[in-house]
Amino acid sequence: MRVGIDVGGTHTDAVLMDAATVVASVKTATTQDVTGGVVTALHDLVGSAGIDRDRIGAVMIGTTHFTNALVTGRGLARTGVVRLALPATSGLPPLVNWPAALHAAIDPRVHLCHGGHEFDGRAIAPLRREELLRVAEDLEAHDIRTVAIGSVFSPAAPELEEQAADILLEELPHLHVSLSHQLGRIGLLERENATVVNACLRELADEIVGAFVGALRTAGISAPLYLSQNDGTLMDAEYTRRYPVRTFASGPTNSMRGAAFLAGELSDCAVVDIGGTTTDVGVIGRGYPRQATGEVDIGGVRTNFRMPDVLSIGLGGGSLVTTGPSVSAGPDSVGFRLTRQALVFGGDVLTATDLAVAGGLAEIGDPSLVRHLDPGLVRSGLEWMAGRVVELVDRMRVSAAPLPIVVVGGGGVLMPEVLPGDLAVHRPPHHAVANAIGAAIGQIGGDVDRVVAVDGPRAREEAIAAARAEAERIAVSAGAAPGTVRIVDVTEVHVAYLPGGRRVQVRAVGDLDLEHRSAGGPAGDGPGAEAGTARGHEQDARR
């Protein structure tokens, strides 16, 4: 059995699954400390199912802790930043165009050192050990315990980042090191930004993972802990401590994965996930979210690590309704206070949920408390919300072909059975907890992103075959059962500035091998997952 938990801005959802069957589900209010809501959800879930806790083989959690920390600038560690590129790239230093408040929150120590590669693999300059020794002295003098290392074209030539990390760790064994080739894609500034974001969250990750492990133990559960990544796959507790940035946008991803699972034959569809605060719209292909192909803005910082292609608006069950001169809802929301402040619960705030109840779309709270609402206002508000969702779905389409629409999330009651344009809404069973189901069914993934130069069709085929084999190997070493691994995406893009150049991206996924992983001990004590490079386990054991 598996437990899936998803922590949203309004509700914390939890499900217990026995293989592909949903045994029990609960929806509790998210607490201000978040972890308290997880403990409550676990107790309610196990109690309602009446099962032996020893039957739980794994617990999967999707969390917003790290996204919230970056957006608010709270809990971030002071960070060192090392770029290996001199004499190149000094015109645009690290953290250029970062929001001033976020820059001040991490108070970085920035160092430019020699190193890096050209796009064709030629070295820009050799690494200089004496420069990195001076960096180590500076980090120690300023009591900095986490550092981000980036190098030009390191996804194609990662060895200089690895060597720089080894030098710094020789001098400062306690240092948390984040390497850009393990986090981002081609594109120095955006990849470097993603690495700095990861580095400043490392200390917080230790606290959060420890809190989750403690929550499981408090609930009497000794199963291994996994957290959801933003590509729909899982990472274990130790991997999360090293790569907290990979949890960003895992909530919408879980909902889309859960929706695809629940919808069955609709493995290619648009998913509309309506929670208490926001509505997220994405597209599923072969059961996995379509990935964003360009830059992704996180808290005002441009990054290029893998993220789902999602459009979001501030519309949810707790959204405040504006009544004049026209009716609209959001982006402000009562959030987890919905059950105290909405009209149907005896409060004095008009929310989107009140409109849904007054319009006959839902039976929540006390319907008599919204009978006084003007029917014209209710109708206008519901039409406005449905129109906004249709607009988002249209923006996500890449062809004129019709796209089935699956609505999930606790706020799904805001949508009618048929949307404007005669678009039918599919609302599968357990749709209200699709996000937690998406976490529970998570698989293990392996990704390869490399630039290769080929001189003919055969060389191209060999390069793609090698990338496919490496992606499968990474998935297995990360904890996937070997016989279940499959390739779900292969992308090939011509590189104009490199003769015969191709950028090859391959993604493999497989089922979690619980028989072997559970041997690692209690929650949070299992082995770390593959970092995405051939030396992943060796490096991560030290970092």
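The values are calculated or read from the model by the stated rules, or taken from the named source; none is laboratory data. These figures come from a predicted structure and were not determined experimentally. For neighbour counting, all protein chains shown are included, and Cβ atoms are generated from backbone atoms with ideal geometry for every residue, glycine included. Side chains included, ligands, DNA and RNA excluded: accessible areas come from the protein's heavy atoms. Shrake-Rupley method; radii C 1.70, N 1.55, O 1.52, S 1.80 Å.
Taken together, ILE56, ILE51, ILE106, ILE61 contain a single residue that is within 16 Å of VAL196 (Cα to Cα) and of a type in the set (Val, Ile, Thr), which is ILE106.
For region 1-58, the strands (runs of 3 or more DSSP E) that sit wholly inside it and include 1 or more residues that are in contact (Cβ under 8 Å) with a residue 12 or more places away in the chain, among the small types (Gly, Ala, Ser) and touching a His at 6+ places or on another chain (Cβ under 7 Å) are 21-29. Filtering region 164-177 to residues that are under 24 Å from GLU118 (Cβ atoms) and crowded, with 20+ Cβ neighbours inside 10 Å leaves ALA164, ALA165. Filtering region 265-279 to residues that are open to solvent by 20 Å² or more (accessible area, probe 1.4 Å) and in contact with a Leu (Cβ under 9 Å, 6 or more places away or on another chain) leaves ASP268, THR277, THR278. Pairs meeting the criteria (first residue in region 286-312 and modelled with pLDDT of 75 or more, second residue among the small types (Gly, Ala, Ser) and outside any loop (DSSP other than H, G, I, E, B), beta carbons under 7 Å, at least 6 apart or on different chains) are PRO289/GLY282; ARG290/GLY282; THR303/ALA194; ASN304/ALA194; PRO308/GLY282; ASP309/GLY282; VAL310/GLY282.
For region 458-479, give me each residue that is of a type in the set (A, V, I, L, M, F, W, C) and within 23 Å of the chain's Cα centre (by Cα). Result: ALA471, ILE474, ALA475, VAL476, ALA478. With respect to the conditions (1) open to solvent by 50 Å² or more (accessible area, probe 1.4 Å); (2) within 30 Å of PHE119 (Cβ to Cβ); (3) of a type outside the set (Ser, Thr, Tyr), ALA459 lacks only one, and its number is (1). Counting only helices (runs of 4 or more DSSP H) wholly contained in region 455-543, the ones carrying 1 or more residues that are modelled with pLDDT of 85 or more and within 20 Å of ARG306 (Cβ to Cβ) occupy 457-477. Among helices (runs of 4 or more DSSP H) entirely within region 352-441, having at least 2 residues that are open to solvent by 30 Å² or more (accessible area, probe 1.4 Å), in contact (Cβ under 8 Å) with a residue 40 or more places away in the chain and of a type outside the set (Phe, Trp, Tyr) singles out 375-396. Do we have VAL349 as within 30 Å of GLY187 (Cα to Cα) and at pLDDT 85 or above here? For VAL349, the condition - within 30 Å of GLY187 (Cα to Cα) and at pLDDT 85 or above - is not met. Name the single residue that is modelled with the lowest pLDDT among those in region 111-133 being open to solvent by 20 Å² or more (accessible area, probe 1.4 Å) and touching a His at 6+ places or on another chain (Cβ under 8 Å). It comes out as ALA123.
For region 180-187, the count of residues that are outside any loop (DSSP other than H, G, I, E, B), modelled with pLDDT of 95 or more and open to solvent by less than 10 Å² (accessible area, probe 1.4 Å) is zero. If you go through region 59-87 and pick out every residue that is touching a residue at least 40 places away in the same chain (Cβ under 8 Å), assigned to a loop (DSSP other than H, G, I, E, B) and of a type in the set (D, E, K, R), you end up with 1.
From the list ARG388, ARG379, ARG397, the one residue that fits, being farther than 30 Å from ALA480 by Cα and modelled with pLDDT under 90, is ARG397.
Scanning region 329-340 for residues that are open to solvent by 30 Å² or more (accessible area, probe 1.4 Å), farther than 10 Å from THR278 by Cα and free of Cβ contacts under 8 Å to residues at least 60 places away in the same chain yields a count of 2. Yes or no: region 168-177 includes at least one residue that is in a strand (DSSP E or B) and on the phi < 0 side of the Ramachandran plot. There is at least one residue in region 168-177 that is in a strand (DSSP E or B) and on the phi < 0 side of the Ramachandran plot. Filtered by the rule that a residue be assigned to a loop (DSSP other than H, G, I, E, B) and open to solvent by 10 Å² or more (accessible area, probe 1.4 Å), region 308-328 gives ASP309, GLY314, THR323, GLY324, PRO325, SER326, VAL327. Taking the listed residues GLY57, GLY8, GLY62, the one that is of a type outside the set (Phe, Trp, Tyr), open to solvent by 10 Å² or more (accessible area, probe 1.4 Å) and within 19 Å of the chain's Cα centre (by Cα) is GLY8, with no other qualifying. Applying a threshold of 7 Å to beta carbon distances and a minimum spacing of six or more residues, or different chains, the list of pairs starting in region 128-148 at a residue that is closer than 16 Å to GLU170 by Cβ and without any contact (Cβ under 8 Å) to a residue 60 or more places away in the chain and ending at one that is in a helix (DSSP H, G or I) and open to solvent by less than 10 Å² (accessible area, probe 1.4 Å) reads LEU132/ALA164; LEU132/LEU168; VAL135/LEU168; ALA136/LEU168. The lone criterion from (1) farther than 29 Å from ARG502 by Cβ; (2) open to solvent by less than 10 Å² (accessible area, probe 1.4 Å) left unmet by GLU161 is number (1).
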